[in-house]
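Participant: This is the structure, below, for whatever I ask next.
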């Protein structure tokens, strides 16, 4: 059981997550509501907590179902938020959902010692302990989501990059959030909230800082994300750090580097 | 004139209530314990003369208990508090006690019984500080996993019960005698049950099982936690894999309140079997006596298929 053997599944999952999350991240950034994914992730985590409270194994299939129901409900709610005028009110609602969902999870999980451990796992994730079977199932699920997105990619693009005040078909909006929620559910279940949020936002944002256009940003986001994941896993091994947190910290560092490079490039002109 | 009989009734009623209450208050000794094990032993010895309750549930980790208002209420009403000691409860009990402000159960009073001074404690080797993780500086507090310590605890509890409630001293002696009889019956049974493990090396999740190992003749060669209270890291898993290979380890023993994924991961990579063991009474429904814990541990080991 060498270090490479131990880290291989974690890296494979990280790549899968980055490829999918950067795509959705660009959409989320374009819409200008960043915290929706944090809130969605937290409601999915709340779903897992409720499942655990009702006696289900937090790493079993029933748990995933609970998480998905939570994410769908939140997704439906956020889709309806489009009707609320002004981004401030929307941000407030999303922030409240996040905080209250977190508090409810803590309340539920503080009932038992194992619950507290699982609470830690919901935030830090168990990137390190993912199995090849879970990676296979995740790849299949993400492929299905990718297919769905690919079939309607032009309309989804218009949805996100278009006017934020217009209210295009609610069905399209819901379709977008449905696939988003499905993806988030699986990634929170496997990798935890911190990693999911970081993968969603940081590589996409870093790419947006240095490039324009959806496709270039997508590619750059993948490169930055995978580089960050590699560096994070290496740091976790060398410095004995928790894997999820190390990856998130390294991605943050890369963002600073990219931002600094951009600032320097601007000042040279 | 018509108000006098009504007032008299009021006084008579109050007198009845007060007398009635104080009568029931003296009926049982109100005992609270920090763990479910101690409550079970107290009940076994005290029988109907005591009302014993644990502040923590047998399903959760005693060192990570969350202080709750109900604990303060129960501490306020208690006549006797029995604790494991050795800093096991240091994360939550002191707050509960100071909030309850019950002078009967303060440290040093007859209503406070710390069992760690009666049993034989295993010290952790080397200098102790927070840098070593969540290490307890007064030795390893998980001593109740050696049934011989349970016996010592039972004797100390019986003595204290008799001291606080001399009227029922004979009943406590009888309860203790029954407990000792049960122990003498179970001890050889357990020794037989643990024979497959004798002399073998196992790994545990947390450094909580040295007493169990000492009582039943096996060796713990490593833990999933790199340091007590710290989650497993990559380099530690690597080293642990090596330890497992070198010592021919076939079994991981872990308490039920820890996350399972790291154990599953280890099992998949190294082929060892995982036994989730009860660490105390009431971990599962139907576990009532202290002795059930060890029966439960043996059952989990058998079910794991390691031996």
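Read-outs throughout are calculated quantities, based only on the coordinates presented, and are distinct from any laboratory measurement. All values reported here derive from a predicted model rather than from experimental measurement. Here the Cβ is made from the backbone with ideal geometry for all residues, glycine too, and neighbour counts use every protein chain on show.
Participant: Apply 1/(1 + (r/R0)^6) to the Cβ-Cβ distance of residue B:9 and residue B:239, taking R0 = 60 Å, and write down the FRET efficiency to the nearest 0.05. It would help to have the intermediate numbers written out before the result.
Facilitator: Working: r = 79 Å, r/R0 = 1.31.
The formula returns an efficiency of 0.15 here.
Participant: I would also like to ask the following. Taking 8 Å as the Cα distance limit and 6 or more residues as the minimum spacing, I'd like the relative contact order of the range B:25-186 as a percentage. Could the numbers behind the result be given before it?
Facilitator: Values: 247 pairs, mean separation 37.7, N = 162.
Here the relative contact order equals 23 percent.
Participant: Rank these for me by crowding, A:193, B:82, going from fewest to most other beta carbons within 10 Å.
Facilitator: Numbers: A:193 25, B:82 28.
Lowest count first: A:193, B:82.
Participant: Hey, another quick one. Which of A:93, A:184 has the fewest other C-beta atoms within 10 Å, and how do the rest follow up to the most? Mind showing how you got there, number by number?
Facilitator: Details: A:93 17, A:184 32.
So the ranking, lowest neighbour count to highest, is A:93, A:184.
Participant: Roughly how far apart, in whole Å, are the Cα centres of the range B:50-75 and the range B:257-276?
Facilitator: Each part reduced to its Cα centre gives a spacing of 29 Å.
Participant: Mind checking B:231-243 for the average number of partner chain beta-carbons within 10 Å of each residue's beta-carbon? Walk me through the numbers before you get to the answer.
Facilitator: On the way: counts 8, 3, 10, 16, 8, 1, 8, 8, 1, 1, 4, 2, 0.
The mean count of partner-chain Cβ atoms within 10 Å per residue comes to 5.
Participant: How many nm separate the modelled label positions at residue A:212 and residue B:289, each set 7 Å beyond the Cα in the direction of the Cβ?
Facilitator: Taking the two extended label points, one gets 8.2 nm.
Participant: Return the average number of partner chain Cβ atoms within 10 angstrom of each residue Cβ along peptide A:54-65.
Facilitator: Average neighbour count from other chains, rounded to a whole number: 1.
Participant: Separate question: In what order do B:282, B:180 fall by count of nearby beta-carbon atoms within 10 Å, going from fewest to most?
Facilitator: Values: B:282 21, B:180 14.
In increasing order of surrounding Cβ atoms, one gets B:180, B:282.
Participant: Continuing with the same structure: Report, in deg cm²/dmol and to the nearest 500, the calculated mean residue ellipticity at 222 nm for chain B, where each DSSP H run with n ≥ 4 adds -39500 (n - 2.57) and the sum is divided by the residue count. Walk me through the numbers before you get to the answer.
Facilitator: Working: 10 runs with 140 residues, N = 307.
That comes out to -14500 deg cm²/dmol.
Participant: Please average, across the residues of B:254-260, the number of beta carbons from any other chain that are within 10 Å of each residue's own beta carbon, and give a whole number.
Facilitator: Numbers: counts 0, 2, 3, 7, 4, 11, 9.
The per-residue average across the peptide is 5.
Participant: Here's another thing I want to ask about it. Mind jotting down the distance between the C-alpha centroids of the range B:76-123 and the range A:218-248, whole Å?
Facilitator: First find each Cα centre; the distance between them is then 46 Å.
Participant: Now for a different question. What is the calculated FRET efficiency for residue A:62 to residue B:195, with r their C-beta to C-beta distance and R₀ = 41 Å, to the nearest 0.05? Don't jump to the answer; show the numbers that get you there.
Facilitator: Values: r = 39 Å, r/R0 = 0.95.
My answer for the efficiency is 0.60.
Participant: Let me ask something else. With each label point set 7 Å from Cα along the Cα-Cβ vector, what nm distance links residue A:253 and residue A:240?
Facilitator: 1.8 nm
Participant: Which order do peptides B:289-296, A:22-29, A:128-135 fall in by mean Cβ count within 10 Å, highest first? Intermediate results must be reported in sequence, preceding the final value.
Facilitator: On the way: B:289-296: 21.4, A:22-29: 23.1, A:128-135: 17.9.
Ranking, from highest mean packing down: A:22-29, B:289-296, A:128-135.
Participant: Once label points are set 7 Å from the Cα along Cα→Cβ at both residue B:247 and residue A:106, what is their separation, rounded to one decimal in nm?
Facilitator: 3.8 nm
Participant: So if R0 is 35 Å, what FRET efficiency would residue B:307 and residue B:180 give, r being the distance between their Cβ atoms, rounded to the nearest 0.05? Could the numbers behind the result be given before it?
Facilitator: Values: r = 30 Å, r/R0 = 0.87.
Efficiency computed from Cβ-Cβ geometry: 0.70.
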